[in-house]
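Worksheet for the structure shown next.
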Amino acid sequence: MKSFGKEKHVVEMSTGFIQGDQIFITEGPLQGKEGLIIKIDRHKRIAYLQLSMFNKETTTKVGLEIISK
């Protein structure tokens, strides 16, 4: 699996758009990982991801700018 934040240990902001019920990420570390997104807060520019870590399901927040809907 490709690293989210490279050597910085920080997940950079992603950019995308919503078309119908689908999310498309055009640039950033979430590109190709749209299936992990469970919720988007467009006002706070946050995507909530469902990840499996240490055999436990975890929800985490990552920056996501939705440019159009």
(request) Please work out which residue is surrounded by the fewest Cβ atoms within 10 Å (Cβ to Cβ), limiting yourself to region 25-69 and to residues that are touching a helix residue (DSSP H, G or I) at 6+ places or on another chain (Cβ under 7 Å) and not polar (S, T, N, Q). (result) LEU51
(request) Within region 1-32, track down each residue that is at pLDDT 90 or above, under 12 Å from LEU64 (Cβ atoms) and out of contact with any Asp or Glu (no Cβ under 8 Å at 6 or more places or on another chain). (result) PHE17, ILE18, THR26, GLU27, LEU30, GLN31
(request) Could you list all residues from region 5-24 that are open to solvent by 100 Å² or more (accessible area, probe 1.4 Å) and not polar (S, T, N, Q)? (result) LYS6, GLU7, LYS8, HIS9, ASP21
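The values are calculated or read from the model by the stated rules, or taken from the named source; none is laboratory data. In this text the structure is predicted, and so the values were computed from the model without any measurement. Glycine gets a Cβ as well: all are built from the backbone with ideal geometry, and neighbour counts include every protein chain shown. What goes into the accessible areas is simple: the full protein's heavy atoms, side chains included, and nothing from ligands, DNA or RNA. Shrake-Rupley method; radii C 1.70, N 1.55, O 1.52, S 1.80 Å.
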